[in-house]
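A.B. asks: Have a look at this one before I ask anything.
The values are calculated or read from the model by the stated rules, or taken from the named source; none is laboratory data. All values derive from a computational prediction rather than experimental measurement. Using ideal geometry, Cβ is built from the backbone for each residue, glycine included, and neighbour counts are taken over all protein chains shown. Just so you know, the surface numbers come from the protein's heavy atoms only, side chains and all, with ligands and any DNA or RNA stripped out. Shrake-Rupley method; radii C 1.70, N 1.55, O 1.52, S 1.80 Å.
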Amino acid sequence: MNGIEVENISKSFGDTLALDALSFKVAQGERFGLLGPDGAGKSTLFKILTTLLLPDAGRATVAGWDIDKDFKEIRRHVGYMPGKFSLYQDLSVSENLNFFATIFGTTIKANYHLIKPIYEQIEPFRDRRAGALSGGMKQKLALCCALIHQPKVLFLDEPTTGVDAVSRDEFWAMLAQLKDAGITILVSTPYMDEAERCERVALLQTGKILALDRPQTIVGNFTEPLWAIRADNYYQLLLDLRKAPFSQRVEVFGEFLHLTARPATTGEEITTYAEHCGHGNILLKPAEATIEDVFLALM
Amino acid sequence: MRRLLFIIQKEFIQIIGNRAMLPLMTILPIVQLMLLSFAADSEVKNVNITITDLDQSQFSRQLIGQITASDRFTLINAPLAMRISDHDLLAGEADIVLNIPPDFERNFLKGYPAKLQLLVNAINGQAATVGSGYLMSIIRDYNEDIRLETAMGVGRVPSRIEVASANWYNPDLNYKYFMVPGILGELVIILVILLSAMNTVREREIGTIEQINVTPIKSWQFILGKMIPFVFIGMLLLTIGLTAGKVIFDIPMVGSLWVVFGYCLVNLIAVLGIGLLISNLVDTQQQAMLVAFFFVMIFILMSGLFTPIESMPDWAQLLTIPNPVAHFVAVMRKVLLKGSGFADVAWNFRVTAIMALVFNGLAVLSYRKVS
């Protein structure tokens, strides 16, 4: 049995097509990432799979239960962390956790082993109101609340958005630990660099899947020559390279520009072109493709 | 069951945890109760009167003497020209102008009709009717007196009708006895309807409902869990209000308080149904506020609290049947002032119970987990 099965799910809001006949499968216990910019349809898909929204067409199952017929079972056995912090800000950390445990008919004690590594980090603040926690702490509490009933599938909608880099890293480490518990995790993120933390990822854009595979495979399939280049006048270089005959794509990438060149373009060719355009201090090197390069290429 | 208890507990923690909320919910209504009860007094005590006495006779002076002797009237002017008394009325200084024409006494003694003119400023309808009513009764009494006086000279004393009246349930016509129970009933209901109308929509606005919806919570558990704390708050406010009414205004409590509290419980459930229904149907707290106020204003002004239901047009009287405030005001007054028992207010119980069923049914049905 697969953790999640999605078959031809479509959903539109008015004239906007949010999900366009989406299909994919997530194996049980797999950590599956949905990557895509804002508006790609990630949250809509989460709402459909967590039975908060009905699709216009298509069918889907979560932990073997149909989202239409067995919505009651699904609600009992999934953990959901909405994109927006949705715990009670005026209840304390322990009150929130207790509340969600009780609603699912369980106790903190019964499933403490599952949340222990996470809860230990926020335990010093157990009497603090949830609204007064820092962003990273809020995410940890929300994860505890979503895990407290030992869900079969965990839905995390942009759990790391608005969280600092250290907390993000910790958060992904915690998700990796959950692998042992056999919990299927569907996690979405707008940060491309988080893709490698997932076992498989789907690149989502305007309701369609552009690519779906292991992150390394997706990157490995990118065979076009990729160069990192920089010069004194960064912006002018971008404009000039975009006009160059050998360019396919030029994208801003931190302190370097990533240039996807046509096959058989040599480094010398590029440097000469840039020098010809009057750029100084040119630094050119071959670059390793990242998920972001793939994504921009597919868009 | 355990789940329900926890939802209730959560609501209580939220209410009590919000430190400003509990005092706001109890002290403010009591302040309102005192303010409104002292202010909403329709007794007309001080009527300004201008009298133009063009007769200047013994009779006219006696009549004026009787009017000014009454502590309800203040003689503010006694000009000798009707032009000036009209001006007092136009300037809004006089509430009533009494014109005594020349030959008033002579006409009376000769057996002709003796005429008086009464001009009333009807801008304030109530003061006008009540004031002219007082004045008429003074004139009527005086009329009787002088008729007897003059008849005695002739010989035969005509017989007259004596009216002895008593005010049941409120012998001294103490206006506060009438208003305090009504205002208290109104305040309890308004508070609860506003609180409940803002409640679920608040969870929707903040987003907590999204998390709640992906849980096995059932609609009725969610609604009931929200309702019970509000019933408790309403009952608490009623208790504090009745105590304040007794201590400050010494309102009578003739009937059984069990009936009052029992009815309050039914009424609170009905009103909470309305509030939660509003909350489920709107998208923002602002919308909830506006819709709640729409109903609250109608409920109050058509409740019979300030104007008697009996004097409303027929269609408006029908509209008071589904008005929970009207029933509460009626029950409070009947039980506290009159000592009505359960059987006397059974109709109010029945109608309110039906409303409770209908609105709560709709509230549970309109709470949808799936959008």
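A.B. asks: In the full protein assembly as shown, how much of residue A:128 is accessible to a 1.4 Å probe, in Å² to the nearest 10?
C.D. replies: 110 Å²
A.B. asks: Now for a different question. If I take every Cα pair under 8 Å that is 6 or more residues apart in segment A:226-298, average their sequence separation and divide by the length, what percent do I get for the relative contact order?
C.D. replies: In percent, rounded to a whole number, it is 42.
A.B. asks: Once the other residues with Cβ under 15 Å from the Cβ of residue B:194 are scored (Lys, Arg +1; Asp, Glu -1), what is the net sum?
C.D. replies: Net of charged neighbours comes to +1.
A.B. asks: In Å², rounded to the nearest 100, what is the total accessible surface buried by chains B and A against each other with a 1.4 Å probe? Walk me through the numbers before you get to the answer.
C.D. replies: Working: alone 20120 and 14290 Å², together 31830 Å².
Counting both chains, the buried surface is close to 2600 Å².
A.B. asks: Still on this structure, please answer the following. What accessible surface, in Å², does a 1.4 Å probe find on residue A:126, ignoring ligands, DNA and RNA and rounding to the nearest 10?
C.D. replies: 100 Å²
A.B. asks: Can you give me the % of accessible surface on chain B that is carbon or sulfur? Probe 1.4 Å, all protein chains present, nothing else counted. Working shown, then result.
C.D. replies: Values: 12110 of 18810 Å².
Carbon and sulfur together cover 64 percent of it.
A.B. asks: Could you sort out which of A:69/B:226; A:11/A:47; A:11/A:84; A:140/B:226; A:140/B:10; A:47/A:69 sit more than 18 Å apart by Cα distance in this structure?
C.D. replies: Numbers: A:69/B:226 28 Å; A:11/A:47 11 Å; A:11/A:84 21 Å; A:140/B:226 28 Å; A:140/B:10 21 Å; A:47/A:69 16 Å.
In this structure, A:69/B:226; A:11/A:84; A:140/B:226; A:140/B:10 lie more than 18 Å apart at Cα.
A.B. asks: Can you pull the Kirkwood radius for segment B:65-202, inverse mean 1/r over Cα pairs, to one decimal in Å?
C.D. replies: Kirkwood radius, segment B:65-202: 19.7 Å.
A.B. asks: Per residue of B:212-222, what is the mean number of Cβ atoms on other protein chains within 10 angstrom of that residue's Cβ?
C.D. replies: Taking the mean over all residues of the peptide, I get 5.
A.B. asks: Which aspartates and glutamates, on any chain, are close to residue B:369 with Cα under 12 Å apart, when same-chain ones fewer than 8 places away are left out?
C.D. replies: Counting by Cα, and skipping residues close in sequence, residue B:369 has these aspartates and glutamates nearby: B:210.
A.B. asks: Can you list the lysines whose alpha carbon is less than 20 Å from that of residue B:334, not counting same-chain residues fewer than 8 positions off?
C.D. replies: Answer for residue B:334, where 20 Å is the Cα cut-off: B:176, B:246, listed by chain and number.
A.B. asks: Check which residues have an amide H placed less than 5 Å from residue A:210's amide H, if you skip close sequence neighbours.
C.D. replies: When sequence neighbours closer than 5 places are left aside, the close amide H contacts are A:203, A:204, A:205.
A.B. asks: First select every other residue whose beta carbon is under 12 angstrom from the beta carbon of residue A:158; then total the charges, Lys and Arg +1, Asp and Glu -1.
C.D. replies: In short, 0.
A.B. asks: Which of the three applies to segment B:229-273, rounded, prolate or oblate, going by the alpha-carbon gyration tensor with a ≥ b ≥ c and a/c under 1.5 meaning rounded?
C.D. replies: Verdict is oblate for segment B:229-273.
A.B. asks: Per residue of A:100-111, count partner chain C-beta atoms within 10 Å of its C-beta, then hand back the mean as an integer. Could the numbers behind the result be given before it?
C.D. replies: Values: counts 4, 1, 8, 12, 4, 4, 0, 0, 0, 0, 0, 0.
Counting other chains' Cβ atoms within 10 Å and averaging over A:100-111 gives 3.
A.B. asks: Still on this structure, please answer the following. Taking only protein heavy atoms and a 1.4 Å probe, what accessible area per residue, in Å², does the protein assembly as shown have with all protein chains in place?
C.D. replies: Value returned for the protein assembly as shown: 48 Å² of accessible area per residue.
A.B. asks: Would you kindly find the accessible area of residue A:232, with a 1.4 Å probe and non-protein molecules such as ligands, DNA and RNA excluded, rounding to the nearest 10 Å²?
C.D. replies: Taking all protein chains as shown, residue A:232 has close to 110 Å².
A.B. asks: A further question follows. Taking the Cα centre of the protein assembly as shown as the origin, how large is its charge dipole in debye, to the nearest 20, when only Lys and Arg (+1) and Asp and Glu (-1) carry charge on their Cβ atoms? Before the final figure, lay out the partial values.
C.D. replies: Numbers: 58 positive and 65 negative charges, 387 e Å.
I would put it at about 1860 debye.
A.B. asks: Among B:161, B:269, B:146, whose mean-square fluctuation peaks in a Gaussian network model of chain B (Cα, cutoff 10 Å)?
C.D. replies: B:161
A.B. asks: If you line up the long axis of helix B:21-39 against the longest principal axis of chain B, both from Cα atoms, how many degrees apart are they, to the nearest 10?
C.D. replies: Helix B:21-39 sits at roughly 10 degrees to that axis.
A.B. asks: Note down the magnitude of the dipole of chain B about its Cα centre, charges +1 on Lys and Arg C-beta and -1 on Asp and Glu C-beta and zero elsewhere, to the nearest 20 debye.
C.D. replies: Charge dipole, chain B, about its Cα centre: 1560 debye, nearest 20.
A.B. asks: How many angstrom lie between the Cα centre of segment B:88-149 and the Cα centre of segment A:1-67?
C.D. replies: 86 Å
A.B. asks: Another question about this same structure. Enumerate the aspartates and glutamates that residue B:110 could reach by cross-link, defined here as Cα to Cα under 17 Å, with residues fewer than 8 away along the same chain left out.
C.D. replies: Filter leaves B:55, B:144, B:145, B:149.
A.B. asks: Another question, if that's okay. Antiparallel versus total DSSP beta bridges in the protein assembly as shown: what percent is that, nearest 5?
C.D. replies: Of the beta bridges lying entirely in the protein assembly as shown, close to 60 percent run antiparallel.
A.B. asks: Angle between the Cα long axis of helix A:165-177 and the longest principal axis of chain A, 0 to 90 degrees, nearest 10?
C.D. replies: Result, in degrees: 60.
A.B. asks: Another question about this same structure. Please give the peptides B:174-183, B:22-31, A:60-69, B:328-337 ranked by average Cβ packing (other Cβ atoms within 10 Å per residue), highest first, as a rough proxy for protection. Each step should come with its number before you reach the end.
C.D. replies: On the way: B:174-183: 22.8, B:22-31: 14.4, A:60-69: 19.2, B:328-337: 25.6.
By packing density, highest mean first, the sequence is B:328-337, B:174-183, A:60-69, B:22-31.
A.B. asks: Tell me the angle of helix B:2-17 to the major Cα principal axis of chain B, expressed in degrees between 0 and 90 and rounded to the nearest ten.
C.D. replies: 50 degrees
A.B. asks: Let me ask something else about it. What is the distance in Å between the Cα centres of segment B:255-272 and segment A:112-172?
C.D. replies: Distance between centres, Cα-based: 45 Å.
A.B. asks: Keeping the other protein chains in place, figure out the carbon and sulfur percent of the accessible area of chain A, with a 1.4 Å probe.
C.D. replies: Reported share for carbon and sulfur atoms: 49 percent.
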